[in-house]
Amino acid sequence: MTPRRDVFAVARGQYENVGDVLLRRPLLRWARESGSRLHVYVGRSPDGYDEGLALEPDDVVYRSFARWYAALVRSAWAGRASSLFKPGEIQLTLVGTKEHLVMLPAVALVRARGGAVLRVGAGARGFAPLPRALVRPSILLTTFTRWRDEATAAYLGGGPAMPDLGYAEGAGTAVLRAARDGADERDVLVVSLRADAEVAPRPYPTPAVVEALRRYAAQEGLETWVVTQVSVDDERSHRLAADLDAHVLGWPEATGHDVHEARLRALYRRARVVLSDRLHVVIAAFTEGAAPVSLQLDGSDKAARHLSTVGVHDVTVDARGLDADTVLERVRTAAGRRAEALDALLVARERLEDVRDDVVRLLAGPDAPASPAHVGDATSRPAQVRVG
């Protein structure tokens, strides 16, 4: 009997961010569908993070990167290992490239011993030439590369763009079609604005923007909810909710990622429109049927890049320097593209299925059966292995 293959994945992320869970969960699921055993590094994750990732009893979970790395090297030497780079944003700074440099010896051994190295759903945060040169050897060792936006694919090379992994989550096709056709009842406007920044706080919405959002909700008959999907935004969410005379869905400190995501998605399923400068707030609500509107207060093009990759265009409202009437008109125009945006989402899901098929095939290895094994009922599996 052919020994079961091992897939080593990094699932550590920004623990304060539900969006990082949304990216990692589908990729881990696809890896399991290859019939391989997952070895997942999560670091010192807080309560609810592992549950949010939907880790299963058969997964080997590591808190120590050194122990995860040593296990990867042993399995690679035995010819059983494949490796997954983590999805999400690559901070292409000298510090941000450290992971790619540290992983070079291990992924070179994986390739030399017949394993696959996959980089699926990552995107660049910066586009400077020096960090690109530092990460290029890692890209050259990768068996299969799919970037999450066209700009990153053009900048780093190695493979084409794909839809962001967050589009794989959320409501099913029937719900999205009902939302597209206006056949469901939705009464909520979701608003979420980021507060964090590396150097200085993000700009707070001007009185004109606040007025425009209040008027839009009133004219459309929508109940406004300000939500926190990244915990560092919670103070701003409460301030904004007070200014908008809105409800607030904050993130209490004791609430785990799994519970908070469920609360968010329950609200997103009521949302007709989502307005946010956080990419994965827009994506999460969009995948539950809301019209995506990227409301930008600082001119960022991040959300626009990732939405345009799946064929969703002209839904960014750059509110800098605009009066309330202009903001209101642009929000209404962007939200009016809901039907075409949801059509594009359904096509993006089909593209993601193609990526999933490639991931499953490559991780299953050359000796795997034609139909990859699927994970069965977790209750029948042995207890999850945790390594310190």
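Most tightly packed first, judged by the mean number of other beta-carbon atoms within 10 Å of their residues, the peptides 322-330, 17-25 read 17-25, 322-330. Mean Kyte-Doolittle of at least -1.0 and a Cα length of 24 Å or more along the axis: which whole DSSP H helices of the chain meet both? For the chain, where a helix must reach 24 Å along its axis and average at least -1.0, the hits are 338-364.
Stokes-Einstein diffusion coefficient for the stretch 119-187 at 25 °C in a medium of 0.890 mPa s, Rh from the Kirkwood formula over Cα pairs: what value in µm²/s? Don't skip to the end; give the middle numbers.
Details: Rh = 14.2 Å.
Using the Kirkwood radius from Cα pairs, D works out to 172 µm²/s.
Accessible area per residue for the chain is 41 Å², calculated with a 1.4 Å probe on protein heavy atoms, without ligands, DNA or RNA.
Computed about the Cα centre, the dipole magnitude for the chain is approximately 1620 debye when only Lys and Arg (+1) and Asp and Glu (-1) carry charge, each at its Cβ. As a ratio to 2.2 N^0.38 Å, the alpha-carbon radius of gyration computed for the chain takes the value 1.00. Peptides 185-196, 333-344 ranked from most to least packed give 185-196, 333-344, packing being the mean of other C-beta atoms within 10 angstrom over each peptide's residues.
The alpha carbon convex hull volume per residue for the stretch 177-314 rounds to 120 Å³. Is any residue of the stretch 171-189 close enough, with backbone N under 15 Å, to a label point placed 7 angstrom from the Cα of Glu353 along the Cα-Cβ axis, and if so, which? The answer is 172-177, whose backbone nitrogens lie closer than 15 Å to the label point.
The values are calculated or read from the model by the stated rules, or taken from the named source; none is laboratory data. From a predicted model like this one, the values you see are computed outputs, not experimental measurements. Virtual Cβ from ideal backbone geometry, glycine too; neighbours counted across all protein chains shown. To get the accessible areas, we keep the full protein, side chains included, count just its heavy atoms, and leave off ligands, DNA and RNA. Shrake-Rupley method; radii C 1.70, N 1.55, O 1.52, S 1.80 Å.
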